[in-house]
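The values are calculated or read from the model by the stated rules, or taken from the named source; none is laboratory data. Keep in mind it's a predicted model, so treat the numbers as computed, not measured. Cβ placement follows ideal geometry from the backbone for every residue including glycine, while neighbour counts extend to all protein chains displayed.
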């Protein structure tokens, strides 16, 4: 998911930086006008722009807490920065959006302040997978944004939409696929396990992992591009150069709406759902404001607003949401998703990454 | 102009600034990297200060050995291709009129303003099936149907040579312009053809320049990590790509640092060897 922030919005990002710089100059006045404030780290680029435009002003209006948004760099760099700042008693941001793997890594040094869930009115409506807990049950993070990676195709090359992830293994698709280049952002081991091995629990053992790797090796001849940079695949998918692959559901939907001949399909095994949490740095003193923020963000109305304006999948149960069926379909699906085995990328990360690299490079 | 050896400490002051910059921007970061390469990795978190050689031990495998071998081979090939193209080109350029030279140099300098990303994406379009140059060949009746020329080793090599060529020419240019024209005239008077004079007189006279340029392009190409990703298959990924994966995506700084130190040491050794061989041959 790290590259999610790298979407082809670079020019907007540059413009955004200019606007942000002007904003900084006027910021002290804004801060003085508000009694309370909160620094919130969000993925830079598209997310930050959308949040600054649609979400943060509403929050300030509703609660009187001013938000200063901080653009997070990609990868795990932000986690490292937060950790090092916390050691010095500093918090570059109070709350941050944090990937699941990074949330788990932060747990290992108690980087996240446990959250008091009684302060969240809709805590009970959150889907279980959006509550990240310490091993002893304290809550380390609450779902912030979620998105799907699905099976995408060029409609000129594929008249009919594929129905299953097993299309990736079809010999007819030789040299036609674009897949993400890393085990920890493509989640293809989970896809393999769900499609051929009865579920992601098959990855619990080393034998299971070995089997999944062996099955995944069969995909290699079909792969034309292992991408780290999304723009690279998106362009090739639109032009039909690489007509099938895995990609983000929301962005593919936007491209299709713009008239490009692409489609995103939720295979019968489910789309891959990745997500980020709100986590509170242990160096932050804005505990009350942070809880108010998470409480605000977890309301059904705000989750609906985010789905419509930012394109994220809701973190709450569907029945409490006010999304119309087509609005829901634009960001999510009723098919049970494939939830990545984030635990593997902390407990066995080096082993998996080494095997993965040897698999695709060798 | 009279040159005097510096006598007092104040005579050395002009060196302080570059020296300081070298320490701040090279010695300190590189030392930090060496230190980190001996730290202990914690897969569930970050790393802890320690002195372990695990990171180097992990690197010593057939897998990383072959990736390193490929990276070195690729860099050598880029260096040779660049010099083979740039040397005759620059030689001919140095014999053109001033005006033509200026135009070419301005053009070459403007190519330098292109980033690696732009070069990568431009070549990936040029080599694509849907919009690439093979469509032109089809229109000219040379080919049956358009094909994709990437991802392939040749696409990577082309992209990297394209990127390094302007540097190569700009490095060779001063030496070739300053080359004494009487050398060539003498060769011609003695009956050598222009080609023979070029290979037997110009090339040996500029041996050291050529070796220095080869080394520069080699080092330049060794650090490339974007073009192999955009234009090549995973087997064409260089060690730099794997270093980036470790540093940015796996946050395994110690291992990334160890690989980087290894890469620097190997390339320094190769450069040293080249210089040593060159000196021996010169002595003969």
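For residue B:202, the conditions (1) part of a helix (DSSP H, G or I); (2) modelled with pLDDT under 85; (3) within 14 Å of another protein chain (Cβ to nearest Cβ) all hold with the exception of (3).
So that you can scan it fast, the table gives a plain yes or no per residue for (1) over 17 Å from the mean Cα position of the chain (by Cα); (2) in a strand (DSSP E or B); (3) in the same structural domain as residue A:127 (by TED's automatic domain parsing):
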residue	(1), (2), (3)
A:235	yes, no, no
A:253	no, no, no
A:279	no, yes, yes
A:283	yes, no, yes
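Taken over segment A:202-233, the criterion of being touching a helix residue (DSSP H, G or I) at 6+ places or on another chain (Cβ under 7 Å), outside any helix (DSSP H, G or I) and more than 9 Å from every other protein chain (Cβ to nearest Cβ) is satisfied by A:218, A:219.
Answer with yes or no whether residue B:174 is free of Cβ contacts under 8 Å to residues at least 12 places away in the same chain, at negative phi and either within 13 Å of chain A (Cβ to nearest Cβ) or not in a loop (DSSP other than H, G, I, E, B) (or both). Criteria met by residue B:174.
Here is a yes/no grid of residues against (1) on the phi > 0 side of the Ramachandran plot; (2) touching a residue at least 24 places away in the same chain (Cβ under 8 Å); (3) within 14 Å of chain A (Cβ to nearest Cβ):
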site: B:57; (1), (2), (3): no, no, yes
site: B:64; (1), (2), (3): no, yes, yes
site: B:97; (1), (2), (3): no, no, no
site: B:107; (1), (2), (3): no, no, no
site: B:121; (1), (2), (3): no, yes, yes
site: B:127; (1), (2), (3): no, yes, yes
site: B:139; (1), (2), (3): no, no, no
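All conditions in (1) away from chain A (no Cβ under 12 Å); (2) touching a strand residue (DSSP E or B) at 6+ places or on another chain (Cβ under 7 Å) hold for residue B:41, with the sole exception of (1). Among the residues of segment A:153-172, those identified as in a loop (DSSP other than H, G, I, E, B) and without any contact (Cβ under 8 Å) to a residue 12 or more places away in the chain are A:159, A:160. Selection over segment A:99-118 of residues that are surrounded by 16 or more Cβ atoms within 10 Å (Cβ to Cβ) and either touching a residue at least 60 places away in the same chain (Cβ under 8 Å) or outside the structural domain of residue A:47 (by TED's automatic domain parsing) (or both) gives a count of 11.
Which ranges mark the helices (runs of 4 or more DSSP H) fully within segment B:1-60 that have 3 or more residues being surrounded by fewer than 13 Cβ atoms within 10 Å (Cβ to Cβ)?
Values: elements: B:13-22, B:28-36, B:54-59.
Ranges flagged: B:13-22, B:28-36.
When you scan segment B:208-215, do you find a residue that is buried (at least 23 other Cβ atoms within 10 Å of the Cβ) and either within 14 Å of chain A (Cβ to nearest Cβ) or in contact with a helix residue (DSSP H, G or I) (Cβ under 8 Å, 6 or more places away or on another chain) (or both), even just one?
First, the residues of segment B:208-215 that are buried (at least 23 other Cβ atoms within 10 Å of the Cβ): B:213.
Checking the rest, the ones that are also either within 14 Å of chain A (Cβ to nearest Cβ) or in contact with a helix residue (DSSP H, G or I) (Cβ under 8 Å, 6 or more places away or on another chain) (or both) come to B:213.
Taking every residue of segment B:208-215 in turn, at least one turns out to be buried (at least 23 other Cβ atoms within 10 Å of the Cβ) and either within 14 Å of chain A (Cβ to nearest Cβ) or in contact with a helix residue (DSSP H, G or I) (Cβ under 8 Å, 6 or more places away or on another chain) (or both).
Taking segment B:66-84 as the range and being free of Cβ contacts under 8 Å to residues at least 60 places away in the same chain and either within 14 Å of chain A (Cβ to nearest Cβ) or touching a strand residue (DSSP E or B) at 6+ places or on another chain (Cβ under 7 Å) (or both) as the test, the residues that pass are B:66, B:69.
Among the candidates A:339, A:352, A:294, single out the residue that is under 30 Å from residue A:109 (Cβ atoms), out of contact with any strand residue (DSSP E or B) (no Cβ under 8 Å at 6 or more places or on another chain) and in contact (Cβ under 8 Å) with a residue 24 or more places away in the chain. Quick ask: steps written out before the conclusion?
Values: A:339 fails: out of contact with any strand residue (DSSP E or B) (no Cβ under 8 Å at 6 or more places or on another chain); A:294 fails: out of contact with any strand residue (DSSP E or B) (no Cβ under 8 Å at 6 or more places or on another chain).
After ruling out the rest, the residue left standing is A:352.
Could you go through segment B:230-244 and let me know if any residue there is away from chain A (no Cβ under 14 Å) and touching a helix residue (DSSP H, G or I) at 6+ places or on another chain (Cβ under 8 Å). Among the residues of segment B:230-244, not one is away from chain A (no Cβ under 14 Å) and touching a helix residue (DSSP H, G or I) at 6+ places or on another chain (Cβ under 8 Å), which makes the answer no.
Residue check: residue A:362 meets all listed conditions (1) in contact with a strand residue (DSSP E or B) (Cβ under 9 Å, 6 or more places away or on another chain); (2) within 14 Å of chain B (Cβ to nearest Cβ) but one, namely (1). If you go through segment A:255-272 and keep only what is under 22 Å from residue A:219 (Cβ atoms) and not in a strand (DSSP E or B), you end up with A:266, A:267, A:268, A:269, A:270, A:271.
Would you call residue B:262 buried (at least 18 other Cβ atoms within 10 Å of the Cβ), within 12 Å of chain A (Cβ to nearest Cβ) and touching a residue at least 40 places away in the same chain (Cβ under 8 Å)? Don't jump to the end; show me each part of the working.
Numbers: buried (at least 18 other Cβ atoms within 10 Å of the Cβ): yes; within 12 Å of chain A (Cβ to nearest Cβ): no; touching a residue at least 40 places away in the same chain (Cβ under 8 Å): yes.
No: the conditions fail for residue B:262.
For segment B:205-251, residues that are within 15 Å of the chain's Cα centre (by Cα) and in a loop (DSSP other than H, G, I, E, B) total 5.
Among the candidates B:134, B:189, which residue alone is within 14 Å of another protein chain (Cβ to nearest Cβ), farther than 24 Å from residue B:86 by Cβ and modelled with pLDDT under 90? So that I can check it myself, show each step before the final result.
Values: B:189 fails: within 14 Å of another protein chain (Cβ to nearest Cβ).
Answer to the selection: B:134.
Can you say whether residue A:331 is crowded, with 17+ Cβ neighbours inside 10 Å and under 18 Å from residue A:126 (Cα atoms), as far as the supplied structure shows? So residue A:331 fits the description; yes.
Within segment B:252-284, track down each residue that is in contact with a strand residue (DSSP E or B) (Cβ under 7 Å, 6 or more places away or on another chain) and assigned to a helix (DSSP H, G or I).
Of the residues in segment B:252-284, the ones in contact with a strand residue (DSSP E or B) (Cβ under 7 Å, 6 or more places away or on another chain) are B:252-255.
Once the filter is applied, which keeps residues that are in contact with a strand residue (DSSP E or B) (Cβ under 7 Å, 6 or more places away or on another chain) and assigned to a helix (DSSP H, G or I), segment B:252-284 yields B:253, B:254, B:255.
Elements of the type helices (runs of 4 or more DSSP H) sitting completely within segment A:1-117 and holding at least 2 residues that are modelled with pLDDT under 75: these cover A:10-33. Residues in segment A:75-98 that are under 18 Å from the mean Cα position of the chain (by Cα) and crowded, with 18+ Cβ neighbours inside 10 Å: A:75, A:76, A:78, A:79, A:95, A:96, A:97, A:98.
Given the structure, is residue B:87 more than 14 Å from chain A (Cβ to nearest Cβ), at pLDDT 90 or above and not in a helix (DSSP H, G or I)? No. The set of residues in segment A:242-261 that are within 11 Å of chain B (Cβ to nearest Cβ) and buried (at least 24 other Cβ atoms within 10 Å of the Cβ) contains only A:242.
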